[in-house]
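Shown next, in structure tokens, is the structure this report addresses.
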Amino acid sequence: MSSILNTNDSLLLIIDIQEKLLNAQYNKEAVLKNIQIMAEAAKILDIPIITTEQYPKGLGHTMEAVKEKLPENTKFFEKTDFGGCAAEGFNALLESFGKTQIMVCGMESHVCVHQTVNELLKIGYAVYLIEDAITSRKEWDYNQGISRMAFDGAVPSSTEMALFELLKCAKHPKFKEVQSLIK
């Protein structure tokens, strides 16, 4: 089976990009920019997007800077479990899209991202780590989370790598529109 992303099989999962969490994160500006690029590209390419929010009552909701890039029909799942699959209705919605490839970005690498990725791998999804769109408070924890998820079977990737895999070639009808996001 090919590990190259394609638009027909892909979904973007954005995990816990909440202001009260982001302010303390390692490399936060670059990560936020890459999450915005991924969200915008998914919207352009008509790839479904799901978001999670860890305890929004205390940590706030998804940041406006990300929300404004999302399609209107994006579903937000509130959760208290660190793994997103435990959120009520999450797995049913995920299944309803019929996708096999889940591109993951968010925070924190070693906690909510790691536990969600582990759950997704267990139920048979191919998971792609958009590593430059994932963070943790400490660089060490970020690296440990990425290493562990890759060891467990997630596919390492990056914003540009994912976008060019999805586009396949410069003749793609949305090539210039997506390319403009990373120039």
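Derivation of every value follows stated rules applied to the coordinates shown; laboratory data play no part. In this text, all values refer to a predicted model and were calculated from it rather than measured experimentally. All Cβ positions, glycine included, derive from the backbone under ideal geometry; neighbour counts span all protein chains shown.
Among the residues in region 111-129, are any closer than 22 Å to residue 24 by Cα and among the small types (Gly, Ala, Ser)?
The answer is no, given that none of the residues of region 111-129 is closer than 22 Å to residue 24 by Cα and among the small types (Gly, Ala, Ser).
May I ask you to list the residues in region 12-35 that are surrounded by 21 or more Cβ atoms within 10 Å (Cβ to Cβ) and of a type outside the set (Val, Ile, Thr)?
The answer is 12, 13, 16, 18, 21, 22, 34.
Cβ-Cβ under 6 Å, sequence separation 6+ or interchain: first residue in region 58-77 and on the phi > 0 side of the Ramachandran plot, partner loosely packed, with under 15 Cβ neighbours inside 10 Å. Which pairs?
60/19; 60/20
Tell me which residues, restricted to region 42-61, are among the β-branched types (Val, Ile, Thr) and under 13 Å from the mean Cα position of the chain (by Cα).
Initial filter on region 42-61 (among the β-branched types (Val, Ile, Thr)): 44, 47, 49-52.
Correct list: 47, 49, 50, 51, 52.
Residue by residue, here is whether (1) touching a strand residue (DSSP E or B) at 6+ places or on another chain (Cβ under 6 Å); (2) aromatic (Phe, Trp, Tyr) holds:
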residue	(1), (2)
79	yes, no
82	no, yes
89	no, no
92	no, no
95	no, no
105	yes, no
108	no, no
113	yes, no
117	yes, no
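Which of the residues that make up region 45-59 are loosely packed, with under 15 Cβ neighbours inside 10 Å and either touching a helix residue (DSSP H, G or I) at 6+ places or on another chain (Cβ under 6 Å) or among the hydrophobic types (A, V, I, L, M, F, W, C) (or both)?
59
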